[in-house]
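Each remark here refers to the structure printed beneath this line.
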Amino acid sequence: IKTVVIDAGHGGKDVGCLGAIGKEKDVALSISLKLGKYLEETFPNLKVIYTRKTDVFIELSERAKIANKNKADLFICIHANAGGSNAFGTETYVMGNAKSESNLKAAQRENSSILLEENYEAKYDNFDPNSAESYIALTLMQSAYQQQSIAFAEKVQTQFRERVGRRDRGVKQAPFLVLHQTTMPSVLIETGFLTNHSEEKFLLSDVGQDYLASAIYRAFKEYNAEIEHRAELINEAEKKAETVMEDQ
């Protein structure tokens with residue numbers, strides 16, 4: 001993996017979901033910056049690109065363009081969740097069909113950011129974030145990188161559960177616009193519920209944000225090691241094949 005794009009969800013006029021005192025855009029940015037710092041310190045040859053490093057509004061299509069333009073090998077989108085006051089835990093999404101009402105609602109909430117963009121109808125081919133028909137059309141084109149995305153997502157959830165002690169709500173599929181437009185393995189991580197009092201407290205704390213960022217970092221480290229090992233096996237197989245050809 002040579003290039004990673006870290007996307008802090010929302011920003012600027014797009015605050016995202018709200019807790020009693022916290023804003024999703026602020027939590028997402030803090031965790032994203034901490035994650036990037038971990039990656040930069042451990043992998044000096046890794047190019048870490050941020051879609052935003054400050055409190056600015058960036059269109060969903062622009063976030064994907066940043067990743068595609070830089071030929072990223074992995075796209076990590078950081079968010080915080082909203083739900084009932086009793087809802088808590090982490091979940092990581094990959095692009096796909098919403099297999100439950102709650103998954104669809106999560107996608108609708110995050111995709112509604114496009115309503116703050118100028119001329120969004122033309123930009124997203126008349127996609128309506130509140131229309132069920134729009135989601136049917138969106139999910140007809142499945143990501144070619146879904147299995148790799150799921151592999152990384154599972155590692156993230158394992159780290160959250162086993163190392164940070166968060167409730168594991170699983171790896172899920174949903175039609176997120178920002179994931180749909182990227183051309184590499186991509187995940188959207190919901191780091192917890194701002195609408196849950198105790199979880200909001202954790203998400204707003206420096207320690208909590210650091211734990212979450214380090215968990216994602218460890219998932220990346222493991223995922224990267226697997227990819228490197230696979231590349232080594234392929235190289236060895238190619239060298240053996242070349243030797244056989246030469247002997248013949």
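The values are calculated or read from the model by the stated rules, or taken from the named source; none is laboratory data. Predicted model, so just to flag it, every value in this text is computed and none were measured. When we count neighbours, we look across all protein chains shown, and the Cβ atoms used for this are built from the backbone with ideal geometry, even at glycine. The area values use the complete protein model at the heavy-atom level, side chains included, leaving out ligands, DNA and RNA. Shrake-Rupley method; radii C 1.70, N 1.55, O 1.52, S 1.80 Å.
The table for this structure:
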| read-out | value |
| --- | --- |
| Residue within the range 93-115 that is surrounded by 20 or more Cβ atoms within 10 Å (Cβ to Cβ), under 13 Å from the mean Cα position of the chain (by Cα), modelled with pLDDT of 80 or more and over 21 Å from D14 (Cα atoms) present | yes |
| Selection status of G12, of a type in the set (G, A, S), under 18 Å from the mean Cα position of the chain (by Cα) and at pLDDT 95 or above | no |
| Residue under evaluation V178, criteria (1) open to solvent by less than 50 Å² (accessible area, probe 1.4 Å); (2) over 20 Å from L74 (Cβ atoms), criterion not met | (2) |
| Residues (more than 16 Å from F202 (Cβ to Cβ) and touching a helix residue (DSSP H, G or I) at 6+ places or on another chain (Cβ under 9 Å)) located in the range 19-37 | S32, L33, L35, G36, K37 |
| For R52: the one exception among (1) open to solvent by less than 30 Å² (accessible area, probe 1.4 Å); (2) under 30 Å from E101 (Cβ atoms); (3) in contact with a Gly (Cβ under 8 Å, 6 or more places away or on another chain) | (2) |
| Matching entry among Q159, Q173 (being surrounded by 17 or more Cβ atoms within 10 Å (Cβ to Cβ), in contact with a Lys or Arg (Cβ under 7 Å, 6 or more places away or on another chain) and not in a helix (DSSP H, G or I)) | Q173 |
| Every residue from the range 37-50 that is more than 19 Å from L212 (Cα to Cα) and of a type in the set (S, T, N, Q) | N45 |
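To keep it simple, each residue is scored yes or no on (1) open to solvent by less than 10 Å² (accessible area, probe 1.4 Å); (2) β-branched (V, I, T); (3) modelled with pLDDT of 95 or more.
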| site | (1), (2), (3) |
| --- | --- |
| T183 | no, yes, no |
| E199 | yes, no, yes |
| A231 | no, no, no |
| A237 | no, no, no |
